[in-house]
Amino acid sequence: MNRQLKIWLECFRLRTLPVSLSGVIIAIGLAKWLGHFHWKPAVLCLVFALLAQIVSNTANEYFDYLHGADKPGRVGPRRGVTEGDISPKTLRNVTFGLLALAGVVGCCLIPYGGWWLLPVGLVIALAALAYSTGPYPLSYHGLGELMVFIFFGLVPVNLTYYVQALQFNPLVIMMSITIGLLGVNVLLVNNYRDVEDDREAGKRTSVVIFGRQPASLAYLINGYAGMGMLSALWVMIAVRWGIGRSLPVWTLAVPVLYLVMHTFTWYKLTRRDGAALNPLLGETARNMLIFTLLLTIILIIYS
């Protein structure tokens, strides 16, 4: 692979992209199951979500560099701007260029969902930047997990469903909570790994504030709480189809499979340190994506 391309792909943090993908994918599955699927706004939501997360990732790298939170030779994955592979000016320009492109894609959703999506899009854009910069950088004050829960859970699931159905749905809201909890775990692994570097740089993440042990416990609980939310889904499917046509028992293997993978990853999280934690970031995102894809396939099959 071309070295420069590899540097940029690392900057985009591809291993974390399942977080943004999952919210849109599950919303598409729910829209199909509930009879509201429309492929054009669904695809636009998918592109917007990916661009929004990449912008969040590149902005985080750029502003962490400016704040001195990233250092050469850091424990986590290589940061191009910190190591001198990408100039700060170039990274800044790419970040705002991608932000503008995300804005164009977001505006294409207005004919489907209405003009009220415009201020929502502006809030999303500001949140992507406020995560790492501004007068009160949220990730520097223990609010990163809350931002992930809202903007990678509640927002993408509910808005993706809305632009297809033109209504909100209590079940979709509950599923957005599940996706939000699983997405938070990806950030928890990141902050768990970087706790010493963040503490030294004055970056007060939740792990810096509360410590590693509470963070690992929160990681474990989030996964089980997220699967607990699925009980409502199974009840709704039973009501929709009738007891005789409710989901087969085998479909319960999906949350069970996720919990097995989740518990296994948590076990490794509590027994590793330093660079050995790097693979667990991608593993946590992978677990989330596998769960989302399998559940979406079930929803489509039984729609």
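What follows draws every value from the coordinates through simple rules; no lab data is involved. Computed from a predicted structure; not experimentally measured. For neighbour counting, all protein chains shown are included, and Cβ atoms are generated from backbone atoms with ideal geometry for every residue, glycine included.
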For the chain, calculate the relative contact order in percent as a whole number, restricting contacts to Cα pairs under 8 Å that are 6 or more residues apart.
26
Relative to the longest principal Cα axis of the chain, at what angle does helix 88-107 sit, 0 to 90 degrees, rounded to 10?
20
Sequence neighbours fewer than 8 away in the same chain don't count; with that in mind, list the lysines whose C-alpha is under 20 Å from Lys203.
Lys71
Would you mind calculating the gained length between Tyr302 and Leu101 on full extension (0.36 nm times residue separation, minus the Cα-Cα distance), in nm to one decimal?
68.8 nm
Roughly how many nanometres apart are two label points built 7 Å out from the Cα toward the Cβ at Lys268 and Tyr224?
2.1
Please label the shape of the range 158-303 as rounded, prolate or oblate, based on the square roots a ≥ b ≥ c of the eigenvalues of the alpha-carbon gyration tensor (a/c under 1.5 means rounded; beyond that, a/b larger than b/c means prolate, else oblate).
prolate
Can you give the helix-only mean residue ellipticity at 222 nm for the chain, where every DSSP H stretch with n ≥ 4 adds -39500 (n - 2.57) and the sum goes over all residues, rounded to the nearest 500 deg cm²/dmol?
-23000 deg cm²/dmol
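If we count other beta carbons within 10 Å of each Cβ, what is the order of Thr284, Thr205, fewest first? Could you put the intermediate results ahead of the total?
On the way: Thr284 29, Thr205 24.
The fewest-first ordering by Cβ neighbours comes to Thr205, Thr284.
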Show me the ranking of peptides 276-283, 130-137 by mean Cβ neighbours inside 10 Å, starting with the highest.
276-283, 130-137
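Can you tell me how much longer the chain between His36 and Asn2 gets when fully stretched, taken as 0.36 nm per residue apart minus their C-alpha distance, in nm with one decimal?
8.0 nm
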Place the peptides 295-302, 228-235 in order of packing, highest mean first, counting for every residue the other Cβ atoms within 10 Å and averaging per peptide.
295-302, 228-235
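How do the peptides 185-193, 214-222, 158-166 rank, highest first, by the average count of neighbouring beta carbon atoms within 10 Å per residue? Intermediate values should be presented prior to the final figure.
Working: 185-193: 24.9, 214-222: 17.4, 158-166: 23.0.
Order by mean packing, descending: 185-193, 158-166, 214-222.
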On full extension of the chain, what length is gained from Leu259 through Phe168, given 0.36 nm per residue of separation minus the C-alpha to C-alpha distance?
29.9 nm
